[in-house]
1. Listing ILE122, ILE216 from the residue with the fewest other Cβ atoms within 10 Å to the one with the most, what is the order?
2. Can you list the aspartates and glutamates whose alpha carbon is less than 16 Å from that of LYS146, not counting same-chain residues fewer than 8 positions off?
3. Between THR201 and LYS146, what is the label-point separation in nm under the 7 Å Cα-to-beta-carbon projection?
4. Determine, from the Cβ-Cβ distance of ALA48 and THR136 and an R0 of 25 Å, the FRET efficiency 1/(1 + (r/R0)^6), rounded to the nearest 0.05.
5. For LEU58, what charge total do you get from the other residues with a beta carbon under 11 Å from its beta carbon, if Lys and Arg give +1 and Asp and Glu give -1?
6. With contacts defined as alpha carbon pairs under 8 Å and 6 or more residues apart, what's the relative contact order of the stretch 33-125 in percent?
7. What is the gain in length, in nm to one decimal, between THR166 and GLU103 on full extension, counting 0.36 nm per residue of separation less the C-alpha to C-alpha distance?
8. With θ set to phi - 60° and the Karplus curve 6.51 cos²θ - 1.76 cosθ + 1.60, what are the ³J(HN,Hα) couplings of the stretch 51-58 in order, to the nearest whole Hz, using x for Gly and Pro?
Amino acid sequence: MTENGEVRNARPRPERIKMTGPASWNDRYAGEGYSFGTKPNAFLESQAHLFQPGARVLSLADGEGRNGVWLAEKGCRVTSADYSPVGLLKAQSLAAARGVEIETVEADLTSWNWPHAVYDAIVAIYFHLPERHRATVHQSAAAALKPGGLIVIEGFRPEQIALQATEDSGGPTDVRMLFSAEILRTDFYGFKVLTCDETETFLQEGPYHTGRAAIIRFVAMKP
């Protein structure tokens, strides 16, 4: 606490840099630690029952691999896709340390040659895109799922913008990149929605995802 009674943060806030492409993410991932930790996203972990051994799963924007590696530990055949080669190298290192294997694909998912009807599940944890790309990429993801396949999403809602002033929970600063229930239901129209929960949580996912966060959790099944 300072002399005038203000509470001093116990740790410095991470520098907020606009993430605009592979170079900026390479810089972020170049440090010794893991930017978002090595544990899986808490919501994804709570959905473990959805992922059967042998299931083919695509983890979008998987970065340093915390989610893809966890899925591999569940016995899934995992493809971790990201456009940061630095992140993917760390993902492979994490997989090796955990004694599992993942396939890594370096790709810009807005122009990737998406496969058709091959995945049992696609996971997108905090995968936010410019508005002009979001619906197209979500449509490509939908087409890449087998019938009965699952899309599992956690992302920020527009209310996250206000929280960025006081919290270190991160997220895009462009509100048009954030999600609402209406957006996700529209992008995955025709899917059976199993979970659609707009809520606030406390993230503890490394230095860039720590604090209160306004999020949406969405799970839907392809017909």
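1. If I rank by nearby Cβ atoms, fewest first, I get ILE216, ILE122.
2. ASP120
3. Modelled inter-label distance: 2.7 nm.
4. Working: r = 30 Å, r/R0 = 1.21.
For ALA48 and THR136, the calculated efficiency is 0.25.
5. Working: positive: ARG56, ARG77; negative: ASP62, GLU103, ASP120.
Net of charged neighbours comes to -1.
6. Working: 172 pairs, mean separation 29.2, N = 93.
It comes to 31 percent, rounded to a whole number.
7. Full extension from THR166 to GLU103 adds 18.9 nm.
8. Here the 3J(HN,Hα) series is 10, 8, x, x, 5, 8, 10, 10 Hz.
We did not get these values from a lab; they are worked out from the coordinates using the rules stated. Computed from a prediction, not measured in an experiment: that's the story for all the values here. All Cβ positions, even for glycine, are placed from backbone atoms using ideal geometry, and neighbour counts span all protein chains on display.
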